[in-house]
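Report on one structure; see the data block that follows.
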Amino acid sequence: MSTILQGGPHAGPRAASNPVLSIKDLRVSYTTGLGTVNAVDGVSLDIGAGEIFGLAGESGCGKSTIANAVMRLLQAPAKITAGSIDLNQCNVLTLSDEELRRTRWRDMSMVFQSAMNAMNPVMTIGEQIMDVFTTHEKMPKKEARERAAHLLSLVDIKADRLKSYPHQLSGGMRQRVVIAIALALNPSLLIMDEPTTALDVVVQRDIMAQIKELQQSLGFSVLFITHDISLMVELSHRMAVMYAGRLVEVAPSNVLLDDPLHPYTTALMNAFPPLSGPRTELLGLPDAPPTSAGRPSGCSFHPRCPLAMDACRIQDPVLRPAAENHDAACLLVPEFVVPPERLAQ
Amino acid sequence: MRFLLRRLGFYLIAFWACITLNFFLPRLMPGDPVSRMFAQVQTQMRPDQIAALRQLFGLTNKPLWQQYLDYIGNIFRGNMGISLSRFPTPVSSVISSEIGWTLLLGATSLIIAVVLGNLLGIIAAWRRGKFLDSVFPPLLVFVGSFPYFWLAMAALYLFGIVLGWFPLNHAFTDGVEPSFSFSYVADVANHLVLPALTIVLVSIGGWMLGMRNTMIATTAEDYITMARAKGLRSGRIMFHYAARNAMLPSITAFGMSLGFVVGGALLTETVFAYPGIGYQLLNSVQALDYPLTQGIFLTITTAVLAANFLVDIIYVRLDPRVRVS
Ligand SMILES: Nc1ncnc2c1ncn2[C@@H]1O[C@H](COP(=O)(O)OP(=O)(O)OP(=O)(O)O)[C@@H](O)[C@H]1O
Ligand SMILES: [Mg+2]
């Protein structure tokens, strides 16, 4: 086995040998009247135990589609055309409806992109936390209420809020409640799809700090999705940059920050000053990412790439090792070859 | 609570506006309203009787404001004047003798149509494109698009005459003395089936489609996705998460319909010779029986306002958001 694969959970672009989540060659397409969009086009990634894995990329590159595929929440017109998704060594895609229902929230939970609307407006916060316990653990109401109160205390919300309705909470509180609900059953994987985009920067930082703390004490793994790269670098151990349905670069966050290899990653980094609030234009990147119109020949990024060469128009780069703990999909980046003396070890 | 008080205030004002209008309308008609109103029966009445009636209606030579106060006083004492077409029965007795049957028929059929229609709508939306969803909506729309008269006659012919399962007319068997006995209640129920069934048949499709469409819109909401992600059971998501929210517009529509139940179901009453307000209203309009017409309209208005208030109360229970707004 190569050294790359032997590193600790945060050492290389690949996770430890027993990943919590393992996605292999996932392909998802949406077929509408306008044609077929390959929203996710052959994505493979592993997330180790206790690891925070970031997934960054422009709007529309397919981040939410991956998240929903893992939770098996995709609905028509979405279709998973290939690949496998293993959660704790068990293929999520082949579970029966009832098995899936039991797996959801117990093994994997999710904080939604639009967490503001993720709570039922006509039920109290308490009822919406408690039904997780009463459904999955057949817990009596009273005990469920105590557990719910405890859960709220994890995110610094007073227990008397159990009787509140979602509209009675501020945006930040609502978001913390949603996070608390996501942690109710101590899942091994927490998916967070842009959990803080609707909040102001201060609240956003607050909540992210809280998540990091909880993650350290409870030890769950996180798939963290955002297009705010600076936030992601701070929070995640390892991260992947996604472009037009594919991963173009994967590396530990500090490595990616110090030494981005893919021109798209560089552009994405430049687009976000460290304390970014609202979304800004991708500096220096003309046009928009490819959509249903179809993928350009060669590297999908070449029409917008400042460094594009002739070869980029023809040859489609694959994600391959670019350094010991660094993968990239770019023709400009030479392939990393493991030194023979290390292989011999 | 503040919300409900505000609504109550609004309904009281609406009620007041309505009786005021009722007061002024006959007085705005050209000529002497009393002579007009009594044109039909005048010939049978002696002048002193007419004077007494004028007195009763408040249509005297008193100043207008005094007439107005008298009128309002009469209304609150339940005194809505004398029916002209059924002279000398007071309007209030005409209405109260019919309203029970109207409420029985109207409320029964409305509640069945609403409950059943909404339930079908919920299930159809939840199992979109499946059997229930593909068969029922077109079928019910088809049935609902028949002229009611035709449908009612067909039902009467099939179940009443050919099969003989149900009685042909009236609210209970002629000659039976109303009582609280089981046999009387069963008799009334038996007479109720066909009229109620026909009303349910023509109205249920609307309820089902309305509910189905809101329900489909609701299932696209993020909190439904989250509920699914939470691994809740399908039944709980369907009723507690989706239907609880999708029901809200239906409640408003239900309130409206509930109020108008009081107006009676003219066609049903006609086909099944069922007693009720609808027939009285038609009758009073044809006979130029202004006091009765006005009395019935006033009753309908009151019922609509009261039903709306009831819906507000239910709404506050169901939607926590209106409690603050
Ligand atoms: N319901 C849908 N029908 C058709 N196409 C869809 C649908 N949902 C997503 N897509 C397409 O799939 C692609 C990926 O969408 P996805 O929501 O995964 O992007 P994203 O990376 O999460 O973007 P954002 O940052 O805006 O949330 C988009 O280009 C979009 O056009
Ligand atoms: Mg998204």
Top-ranked residue in the stretch A:116-128 [being assigned to a helix (DSSP H, G or I) and either surrounded by fewer than 24 Cβ atoms within 10 Å (Cβ to Cβ) or within 8 Å of chain B (Cβ to nearest Cβ) (or both); ranked as modelled with the lowest pLDDT]: A:Met116
Residues of the stretch B:171-211 classified as more than 30 Å from B:Met247 (Cα to Cα) and either out of contact with any helix residue (DSSP H, G or I) (no Cβ under 7 Å at 6 or more places or on another chain) or touching a residue at least 12 places away in the same chain (Cβ under 8 Å) (or both), total: 18
Any hit, the stretch A:231-247, residues being within 16 Å of ligand 1 (Cβ to nearest atom), assigned to a helix (DSSP H, G or I) and away from chain B (no Cβ under 14 Å): yes
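Residue-by-condition table, conditions (1) within 14 Å of chain A (Cβ to nearest Cβ); (2) within 30 Å of A:Pro166 (Cβ to Cβ); (3) within 15 Å of the chain's Cα centre (by Cα):
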{"site": "B:Val271", "(1), (2), (3)": "no, no, no"}
{"site": "B:Gly278", "(1), (2), (3)": "no, no, yes"}
{"site": "B:Ala306", "(1), (2), (3)": "no, no, yes"}
{"site": "B:Val316", "(1), (2), (3)": "yes, yes, no"}
Residue in the stretch A:184-196 that is away from chain B (no Cβ under 14 Å), β-branched (Val, Ile, Thr) and buried (at least 18 other Cβ atoms within 10 Å of the Cβ) present: yes
Residues being over 19 Å from A:Asn254 (Cα atoms), aliphatic (A, V, I, L, M) and within 14 Å of ligand 2 (Cβ to nearest atom) - total across the stretch A:38-61: 2
Within the stretch B:228-239, tally of residues that are crowded, with 18+ Cβ neighbours inside 10 Å and more than 7 Å from chain A (Cβ to nearest Cβ): 2
Odd one out for A:Ser114 among (1) closer than 17 Å to A:Leu183 by Cα; (2) within 16 Å of ligand 2 (Cβ to nearest atom): (1)
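Is there a residue being within 16 Å of ligand 1 (Cβ to nearest atom) and either under 18 Å from A:Met110 (Cβ atoms) or in contact with a Cys (Cβ under 6 Å, 6 or more places away or on another chain) (or both) anywhere in the stretch A:168-186? Don't jump to the end; show me each part of the working.
Pass one, the stretch A:168-186, residues within 16 Å of ligand 1 (Cβ to nearest atom): none.
So far as the stretch A:168-186 goes, no, none of its residues is within 16 Å of ligand 1 (Cβ to nearest atom) and either under 18 Å from A:Met110 (Cβ atoms) or in contact with a Cys (Cβ under 6 Å, 6 or more places away or on another chain) (or both).
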The stretch B:120-168: number of residues that are touching a Gly at 6+ places or on another chain (Cβ under 6 Å), of a type in the set (Phe, Trp, Tyr) and assigned to a helix (DSSP H, G or I): 0
Scan of the stretch A:248-260 for residues that are buried (at least 22 other Cβ atoms within 10 Å of the Cβ) and closer than 20 Å to A:Asp316 by Cα, ordered by number: A:Val248, A:Glu249, A:Val250
Matching residues, the stretch A:29-74, being part of a loop (DSSP other than H, G, I, E, B), within 14 Å of another protein chain (Cβ to nearest Cβ), among the aliphatic types (A, V, I, L, M) and more than 10 Å from ligand 1 (Cβ to nearest atom): A:Met71, A:Leu73
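How many residues does the stretch A:141-169 contain that are assigned to a loop (DSSP other than H, G, I, E, B) and away from chain B (no Cβ under 14 Å)?
At the first step, the residues of the stretch A:141-169 found to be assigned to a loop (DSSP other than H, G, I, E, B) are A:155-158, A:164-165, A:169.
Subsequent filtering for residues that are away from chain B (no Cβ under 14 Å) retains A:155-158.
The number of residues fulfilling the criteria is 4.
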So A:Val233, is it at pLDDT 90 or above and touching a strand residue (DSSP E or B) at 6+ places or on another chain (Cβ under 9 Å): no
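Scan the stretch B:169-211 for residues that are in a loop (DSSP other than H, G, I, E, B), farther than 26 Å from B:Phe260 by Cα and polar (S, T, N, Q) and report the count. Give the derivation first.
From the stretch B:169-211, those in a loop (DSSP other than H, G, I, E, B) are B:169-181; that's our starting set.
If we keep only those that are farther than 26 Å from B:Phe260 by Cα too, we end up with B:173-181.
Filter once more, so that each one left must be polar (S, T, N, Q): B:173, B:179, B:181.
Matching residues across the stretch B:169-211 total 3.
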Residue identified as in contact with a Leu (Cβ under 7 Å, 6 or more places away or on another chain), at pLDDT 90 or above and within 14 Å of chain A (Cβ to nearest Cβ) among B:Thr218, B:Thr214, B:Thr225, B:Thr198: B:Thr225
Out of B:Gly264, B:Gly295, sole residue that is on the phi > 0 side of the Ramachandran plot and buried (at least 20 other Cβ atoms within 10 Å of the Cβ): B:Gly264
Count of the stretch A:75-104 residues which are surrounded by fewer than 19 Cβ atoms within 10 Å (Cβ to Cβ), within 14 Å of chain B (Cβ to nearest Cβ) and more than 16 Å from ligand 2 (Cβ to nearest atom): 9
For A:Lys138: the one exception among (1) closer than 22 Å to A:Val70 by Cα; (2) more than 11 Å from chain B (Cβ to nearest Cβ): (1)
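Residues that are closer than 30 Å to A:Ile181 by Cα: list the helices (runs of 4 or more DSSP H) wholly contained in the stretch B:212-325 that include at least 2 such residues. Let's see the steps before the verdict.
Details: elements: B:222-229, B:244-261, B:266-271, B:277-286, B:290-318.
Because the criterion is at least 2 residues that are closer than 30 Å to A:Ile181 by Cα, the helices (runs of 4 or more DSSP H) in the stretch B:212-325 that meet it are B:222-229, B:244-261, B:290-318.
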Subset of the stretch A:62-71 (residues that are closer than 17 Å to A:Met239 by Cβ and either within 9 Å of ligand 2 (Cβ to nearest atom) or of a type in the set (Lys, Arg) (or both)): A:Gly62, A:Lys63, A:Ser64, A:Ala67
Unmet requirement for A:Ile23, which otherwise passes all of (1) over 20 Å from A:Asn186 (Cα atoms); (2) over 14 Å from the mean Cα position of the chain (by Cα); (3) assigned to a strand (DSSP E or B): (2)
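The values are calculated or read from the model by the stated rules, or taken from the named source; none is laboratory data. Remember, predicted model here, so these are calculated numbers, not experimental data. Glycine also receives a Cβ, built like all others from the backbone with ideal geometry; neighbour counts cover every protein chain displayed.
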